[in-house]
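For reference, the structure discussed in these notes is given below.
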Amino acid sequence: MVSQPKIATQHEIIYPDSDGKPMAENTIQFRWIMTIYHNLAWLFALQADVFVAGDLLWYPVEGNNKIRQAPDIMVVFGVEKGDRGSYQQWKEKAIAPQVVFEILSPGNRPGELTRKLLFYEHYGVEEYYLYDPENNDLSGCIRSGDRLAMIEEMQNWVSPRLQVRFELSEETLTLYHPQGQPFSSPLEIEQQLQQERSRAEQERSRAEQLTAELEEERRKAKRLEMLLREAGIDGDRL
């Protein structure tokens, strides 16, 4: 028997997992999205009720699949970690993402950015950060009542929710973990892990070599003691 595809009934609404748009338009944008996503995921890895996602469709209104947005990175406090095809807010204790990041690409248009800002403002985002890596331009908004107000000074700004600090130099943006270390790319993290594994292996080899040398010295001492006894010499009196 050939199974038939499920057909939506008149009252059933489908919330697609994809909007058909690419996650990133170039390598720079992709690298920034992945760096921020992975560092935030690592930062909150031990907190079961902090959900971090990248390029995930967010549906804030039940019953309307046209009202949606896919932030480059979003952080939600108060919901459990786990895989999702989309973020359907009414299934998530009605909690809206509190922090949103967008990384600009040359394909972004002013009208699109305005619509995103209004969307995030209307549906409850508390912190909204926008970075243009091509022009090294950073801006941010913080919730004030029912609106998102522009943050006047982003240099050394610390996110109230994330406790992450922003530092903008002439060349690039650097984000810092609460403990002070800068965000690293996944590749840099892997290289650091490989270096740590190599150092650990070297230390293990040195420890094994030292153990072997000590064991050899013990065998020599026992052999010497045995020879002395055979010669009728009391080694304790030497």
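Points to keep in mind about this one:
Residue-by-condition table, conditions (1) out of contact with any Lys or Arg (no Cβ under 9 Å at 6 or more places or on another chain); (2) modelled with pLDDT under 95; (3) open to solvent by less than 30 Å² (accessible area, probe 1.4 Å):
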{"residue": "18", "(1), (2), (3)": "yes, yes, no"}
{"residue": "21", "(1), (2), (3)": "yes, yes, no"}
{"residue": "25", "(1), (2), (3)": "yes, yes, no"}
{"residue": "37", "(1), (2), (3)": "yes, no, no"}
{"residue": "49", "(1), (2), (3)": "no, no, no"}
{"residue": "60", "(1), (2), (3)": "no, no, yes"}
{"residue": "66", "(1), (2), (3)": "yes, no, no"}
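- Condition check for residue 143: basic (Lys, Arg), surrounded by 13 or more Cβ atoms within 10 Å (Cβ to Cβ) and free of Cβ contacts under 8 Å to residues at least 40 places away in the same chain: yes
- Looking at 192, 209, just one residue is part of a helix (DSSP H, G or I), surrounded by 10 or more Cβ atoms within 10 Å (Cβ to Cβ) and modelled with pLDDT under 75, and that residue is 192.
- The strands (runs of 3 or more DSSP E) falling completely within the stretch 50-146 that include 3 or more residues that are within 30 Å of residue 171 (Cα to Cα) and not small (Gly, Ala, Ser) map to 73-77, 99-103, 127-132, 137-144.
- Residue in the stretch 86-94 that is of a type in the set (A, V, I, L, M) and either over 24 Å from residue 151 (Cα atoms) or in contact (Cβ under 8 Å) with a residue 24 or more places away in the chain (or both) present: yes
- Where a residue in the stretch 166-180 is within 14 Å of residue 39 (Cα to Cα) and modelled with pLDDT of 95 or more and its partner, wherever it lies, is part of a loop (DSSP other than H, G, I, E, B) and among the aromatic types (Phe, Trp, Tyr), with Cβ under 8 Å and at least six apart: 166/157; 174/183; 175/183; 176/183; 177/183
- Residue count for the stretch 130-140 satisfying the condition of being out of contact with any helix residue (DSSP H, G or I) (no Cβ under 9 Å at 6 or more places or on another chain), under 15 Å from residue 102 (Cβ atoms) and open to solvent by less than 70 Å² (accessible area, probe 1.4 Å): 4.
The values are calculated or read from the model by the stated rules, or taken from the named source; none is laboratory data. Everything numeric in this text was worked out from a predicted model, so none of it was measured. As a convention, Cβ positions derive from the backbone with ideal geometry for all residues, glycine included, and neighbour counts pool all protein chains shown. Please note that ligands, DNA and RNA were not included when accessible areas were found on the heavy atoms of the full protein model with its side chains. Shrake-Rupley method; radii C 1.70, N 1.55, O 1.52, S 1.80 Å.
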